[in-house]
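The values are calculated or read from the model by the stated rules, or taken from the named source; none is laboratory data. Remember, it's a predicted structure, so these values are computed and weren't measured experimentally. We place every Cβ from the backbone using ideal geometry, glycine too, and count neighbours over all the protein chains shown. For accessibility, only protein heavy atoms count, side chains too; no ligands or nucleic acids. Shrake-Rupley method; radii C 1.70, N 1.55, O 1.52, S 1.80 Å.
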Amino acid sequence: MKAINILWAVLALVINPAWAESNPADNTGPEHIATRATVVIPPETVQNIGVRTEDAALASFGIHIRSYGLVTENVRNAYAISSRVAGWIEDLKITAVGDEVRKDDLLFTLYSPDLISAQQDYIAALVTGNKGRINSSAKRLQSLGVGDKALEQIGAKRRKLERLPFYAEAEGIVSHLMVSKGSYVTPGMQIASIQDYRSVWIEVSVAEKDLQFLEKDGKATVTFPNLGNAERAARIDYIYPTIDMDSRTGRVRLVLNNQGGTLKPGAYTDVLFETNVEQRLSVPSEAILKSSEGDFVIVALGEGRFRPQKIQTGIRSKGRTEVVHGLKEGETIVVSSQFLIDSESALRESFRKLQTVPAGGGHAHH
């Protein structure tokens with residue numbers, strides 16, 4: 001029924017010439033938006049065709065750049081455990097990848113002749129009370145990888161620990177384990193890696209042409225399809241200086257808090273960057289019509305009068321489009337059924353042009 005009412009309203013617009021006014025501007029044809037007739041529509045017709053209006057207004061938005069990314073480990077939160085002496089792993093407390101480690105947890109004990117010798121020097125220094133010798137022997141133990149907690153134990157007991165304990169200096173999850181109980185290690189050999197997942201990186205691929213709009217510490221919104229499209233706020237930590245020659249994309253690194261541990265490395269993400277955010281004169285994007293000449297809107301002049309107005313548009317964001325030229329703040333524009341009003345305006349302009357054509361159409365017949 002509503003569709004029938006709208007159809008009758010449109011037919012009425014065409015049939016009743018009293019509903020249109022002539023525009024005194026130059027009659028160059030209906031394709032010229034700036035010279036179209038102003039249309040006058042009765043209030044009941046406006047209601048029937050569902051005309052809705054809104055004022056051109058300032059809104060804060062910027063350029064939107066959409067891309068995708070992958071969750072990766074934050075390598076700044078990775079802690080490598082390596083041996084600085086030769087010896088044997090005796091008591092290994094971390095036994096598999098995935099073991100949770102807290103700061104100061106015992107990781108393993110190490111039997112090393114080099115460590116036994118260094119401990120004896122430290123104990124002898126403690127006995128004599130020579131502060132200079134105590135400091136130098138303590139630094140030697142520390143250079144061999146002995147931590148403060150183990151050093152305190154040696155000092156308190158005043159005797160050597162044949163199986164010297166090594167404690168975790170950071171908390172996290174065991175991400176790599178290269179030894180087992182009884183393994184022989186040498187200086188420089190990596191024993192394990194501990195990864196703290198309380199923050200993660202998002203490695204984002206960004207089109208080459210869009211990199212110019214991004215800057216360090218800029219904001220981004222990350223969406224996780226595997227978590228029910230949950231959204232998280234992130235910041236740009238680093239923009240890589242190179243471009244992939246095959247994909248013509250650059251890489252951008254985001255930092256994201258992951259205290260709950262729900263973000264898993266390898267997970268896919270959608271990423272939205274918003275840059276150059278500022279106050280812009282804008283209208284709803286749905287209000288804009290297009291023609292061969294460009295974009296235009298229907299301006300509501302009041303008392304049922306409507307006129308097409310050509311505009312120059314800028315960026316689009318969140319359902320709104322920036323108006324660079326052609327409108328002023330507060331001007332009222334039509335945001336629904338505007339195509340019906342535009343069609344009537346164009347039709348009236350065509351009728352007016354036909355009335356100016358001489359009899360016979362201006363063509364000679366031979």
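Report the accessible area of ARG163, computed with a 1.4 Å probe over the heavy atoms of all protein chains in place, in Å² rounded to the nearest 10.
130 Å²
What do you reckon, how do ARG159, ARG76 stack up by accessible area (1.4 Å probe), largest on top?
Ranked from most to least accessible, the order is ARG76, ARG159.
Any idea how far apart GLU303 and GLU203 come out in nm if each label point goes 7 Å out from Cα toward Cβ?
Distance between label points: 6.8 nm.
Below 8 Å between Cα atoms, with a sequence gap of 6+, how large is the relative contact order for the stretch 140-276 in percent?
22 percent
Run the reach check for LYS181 against aspartates and glutamates, Cα to Cα strictly under 13 Å, same-chain hits fewer than 8 apart removed. What comes back?
Answer for LYS181, where 13 Å is the Cα cut-off: GLU90, ASP91, listed by chain and number.
Could you compute the FRET efficiency for VAL324 and HIS176, with r as their C-beta to C-beta distance and R0 at 45 Å, rounded to 0.05?
0.20
What net charge is computed for the residues neighbouring ILE236, neighbours being all others with C-beta under 9 Å from the C-beta of ILE236, Lys and Arg scored +1, Asp and Glu -1?
Summing Lys/Arg as +1 and Asp/Glu as -1 gives +1.
Identify the residues of the stretch 274-289 with backbone N under 13 Å of a label point that sits 7 angstrom from the Cα of GLU215 along the Cα-to-Cβ direction, or state none.
Answer for this model: 275-278.
Over every pair of different alpha-carbon atoms in the stretch 244-285, take the mean of 1/r and invert it; report that Kirkwood radius in Å.
Hydrodynamic radius (Kirkwood, Cα pairs) of the stretch 244-285 is 14.8 Å.
Could you pull out the trypsin sites (Lys or Arg not before Pro) across the stretch 169-247 that fall in loop regions by DSSP (anything but H, G, I, E, B) with no more than 16 other Cβ atoms inside 10 Å?
When the trypsin sites (Lys or Arg not before Pro) of the stretch 169-247 are filtered for loop state and at most 16 Cβ neighbours within 10 Å, LYS181, ARG198, LYS216 remain.
Work out how much length VAL255 to GLU90 would gain on full extension: take 0.36 nm times their residue separation and subtract the Cα-Cα distance, in nm to one decimal.
55.5 nm
In nm, give the distance between the simple-model label positions of GLN312 and THR332, each being 7 Å from the Cα along the Cα-to-Cβ direction.
2.8 nm
Would you give the gap between the C-alpha center of the stretch 256-314 and the C-alpha center of the stretch 226-250, rounded to a whole Å?
Here the answer is 22 Å between Cα centres.
Per the Kirkwood formula on distinct C-alpha pairs, the Rh of the stretch 151-293 is how many angstrom?
20.3 Å
What three numbers, in Å, describe the spread of the alpha carbons of the stretch 157-228 along their principal axes, ordered from the longest?
64, 30, 26
Given that compact globular proteins tend to follow 2.2 N^0.38 Å, what is the ratio of the alpha-carbon Rg of the stretch 203-279 to that value?
Working it through for the stretch 203-279, the quotient is 1.14.
Of the listed pairs LYS216/LYS290; LYS209/LYS318; LYS103/LYS157; LYS139/LYS264, which have alpha-carbon separations greater than 31 Å here?
Check vs 31 Å cut-off fails for LYS216/LYS290; LYS139/LYS264.
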